[in-house]
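What follows is a single structure, written as structure tokens, with notes after it.
Read-outs: derived from the displayed coordinates by stated rules, not from any lab. Given the structure is predicted, the values throughout are model-derived calculations rather than measurements. Positions of Cβ are generated from backbone atoms using ideal geometry, with glycine treated the same way; all protein chains shown enter the neighbour counts.
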Amino acid sequence: MDLSAVASPASSEMGIAELRLRLPAHIQTNRVSEVLGGPTAPWLGERLPDDDSGRRRFSCDLQLRVAPDRHVLFRKSAIVSLGDPRTEGDGWLVPIEWRAASLAPLFPVLVGVLRLMPGHVEIDGCYAPPFGLLGYLADRFVLYAAARGTARWFLGTVASALV
């Protein structure tokens, strides 16, 4: 699978890191409303009460594979929120947010959109690394790879649900 980053790892002087990742995928865009806009998402996790803005929330274990052979797996319990899917050209946009379900101050909150197109799935978002400037610097050198790896897993999960 060819993955391409289309933005710099951390590009804001305010300590906000951008994350934009695209995964080639042949998905059924006619299923986006059902899979990402429906009341349940068993492929993602257990449904939780909606957030204050009315976004659907799900309990999920975000995953990150590391090591040269990618056999080491880290999981982090998270809350993933999905907004209402809306069409854009021949694809879809879905607002997304994820945050740690526990020890939240130690993990960044990602806010962005999923782009779901006939030939690829993409996440375009931003997050504030924890611990201010120190966290921002750590993100530039280490943590951004973890954010990309988690986003890669999430996009693969979304693409699998839309096949």
(request) Per residue of the stretch 139-144, in order, report the coupling 6.51 cos²θ - 1.76 cosθ + 1.60 (Karplus, θ = phi - 60°) as ³J(HN,Hα) in whole Hz, putting x for Gly and Pro. (result) 4, 4, 9, 9, 5, 4
(request) Give me the distance in nm between label points sitting 7 Å out from Cα along the Cα-to-Cβ direction at ALA146 and THR29, one decimal. (result) 3.6 nm
(message) Could you tell me the relative contact order of the stretch 32-81? Use alpha-carbon pairs under 8 Å, at least six residues apart, and round to a whole percent.
(response) 27 percent
(message) What's the magnitude of the charge dipole for the chain around its Cα centre, counting Lys and Arg as +1 and Asp and Glu as -1 at the beta-carbon? Answer in Debye, nearest 20.
(response) 360 debye
(request) Name the most mobile residue of GLY91, GLY54, GLY83, meaning the one with the largest mean-square fluctuation, in a Gaussian network model of the chain with Cα contacts below 10 Å. (result) GLY54
(request) Using the Kirkwood radius over Cα pairs, work out the Stokes-Einstein diffusion coefficient for the chain at 10 °C and 1.306 mPa s, in µm²/s as a whole number. (result) 99 µm²/s
(request) Would you mind calculating the gained length between ARG47 and ILE16 on full extension (0.36 nm times residue separation, minus the Cα-Cα distance), in nm to one decimal? (result) 8.2 nm
(request) Of the options GLY156, PRO39, ALA17, report the single residue whose Cα projects farthest towards the positive end of the charge dipole of the chain (beta-carbon charges: Lys, Arg +1; Asp, Glu -1). (result) GLY156
